[in-house]
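Reading through the structure tokens given below for one structure.
Just so it is clear, none of the values below were taken in a lab; they were calculated from the coordinates. As the structure is a prediction and not an experimental result, all values here were calculated from the model. Positions of Cβ are generated from backbone atoms using ideal geometry, with glycine treated the same way; all protein chains shown enter the neighbour counts.
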């Protein structure tokens, strides 16, 4: 009886030992890299395992397929069908591509005993649960960038631009002739001054992109008798080589070929070399010249004596019109339809017969002197000595004035696009339409400005 019991116990322990041996992995996969990643369809990662045969039997092994996972079988890595003897090993290198993954991967890789037909058999092993593949396929969010300009140039790409999350986009601005880039705005906030390119880095939200162009050439004249110019939209300013005269310059008119200056000493001066030298015309009436305007080949001047003069020979001879109201004429604007004059009494006058008769139009904006008159897009603009800017859509009278800006001493409105520029008594120039300072010119009152 005792022998039988001993035999039963021996069989029991023998069976337990067999089970323990059988539970041990025949081949193991030990990670050599991280096995947990988050990737998008645009990304890929490489994962490596050391595969080792733990049994005394030689095994030929093969990788069980996983969608999105490719085995690298180049030299130094496990081959597509690899044979390992006891304790032999090789490096299993896996290339995981988000573009070919069908879904996130959790589990594997499984290495299996190869069947005679070359396919994976039932005897398979994979890494421990802590070391299996854990590859999360995350979606790519797309965002919309709305790219526009303020006119007078183009932006590329433009309009509605779709961008994948995390990507960067470079925008290129191309100003029209005579314009430069003033600034770049993202969501209405200035992010860059100047420059023809701007890069929005690592996009993670919808945005608006806007580029603002400004006229490149600006001229201002000062109470100190100097004329200044900028060829880069106001970033830097230079005085002309010579001054027209040792007297305040009250008005200025410029083209690409010639600059005219209305000077307090009673003369109109002109320069054909950007201020290197000046030539004086004859004086219209001996009083201060407050404003000058060129329409075609006809030169106009307004004087302190209250008259508007015109010359068809570049200022050699002047012809007076009748006086609008007897007070000083501070500003002139001429169109094909009429001659406008702003006076010290605070009225705007229109003449449709070359200055023979004048009609006060739209009433007085605020009762103070009219300092500037401009017409753009069928809108009449004026600025007054009280520092305000007004507009009216009535060009021939019968209308009213609408207040649009303040703290403006000198005004310029670009023809055809309603862009407002302003100069101040303390030497600064502003782009009123965008609320931007275009630079400090000098410690002097800026009596007038002109933008080409």
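Every helix of 4 or more DSSP H residues in the chain counts as -39500 (n - 2.57), and over all residues that averages to -1500 deg cm²/dmol at 222 nm. With neighbour counts taken as other beta-carbon atoms within 10 Å, the residues 425, 85 rank, fewest first, as 85, 425. With the highest mean first, a sort of the peptides 70-77, 116-123 on other beta-carbon atoms found within 10 angstrom per residue produces 70-77, 116-123. Here, region 27-137 has an Rg and a Dmax of 13.6, 44 Å when only alpha carbons are counted. Normalising the average separation of contacting C-alpha pairs (under 8 angstrom, six or more residues apart) by the number of residues puts the relative contact order of the chain at 8 percent. Evaluate E = 1/(1 + (r/R0)^6) for residue 246 and residue 187, where r is the Cβ-Cβ distance and R0 equals 30 Å; express this FRET efficiency to the nearest 0.05. Efficiency for this residue pair is about 0.05. Packing, as the average of other Cβ atoms within 10 Å across residues, places the peptides 39-45, 212-218 in the order 212-218, 39-45, highest first. With a ≥ b ≥ c taken as the square roots of the eigenvalues of the C-alpha gyration tensor of region 80-149, please select rounded if a/c is under 1.5 and otherwise prolate if a/b is larger than b/c or oblate if it is not? Judged from the Cα gyration tensor, region 80-149 comes out prolate (a/c at least 1.5, a/b above b/c). Over what distance in Å are the Cα centres of region 314-333 and region 152-193 separated? For region 314-333 versus region 152-193, the Cα centre distance is 46 Å.
One entry in [x] 4, 17, 25, 21, 14, 8, 5, 3, 1, 1, 0, 0, 0; [y] 3, 12, 14, 18, 18, 15, 10, 6, 3, 0, 0; [z] 4, 16, 18, 12, 8, 6, 6, 7, 8, 6, 4, 2, 1, 1, 0 is P(r) over Cα pairs in 10 Å bins from 0, in percent calculated from the shown coordinates; its label is [z]. Shown here: region 142-214, whose C-alpha atoms stretch 37, 19, 16 Å along the first, second and third principal axes, sorted largest to smallest.
Just rank 84, 94, 50, fewest to most, by other beta-carbon atoms within 10 angstrom.
50, 84, 94
Taking the fewest neighbouring Cβ atoms within 10 Å as the starting point, the ordered list for 375, 96 is 375, 96.
Here the Debye sum runs over all C-alpha atoms of region 245-396 as equal scatterers in vacuum, and log10 of I(q)/I(0) at q = 0.16, 0.20 Å⁻¹ comes out as -0.81, -1.24.
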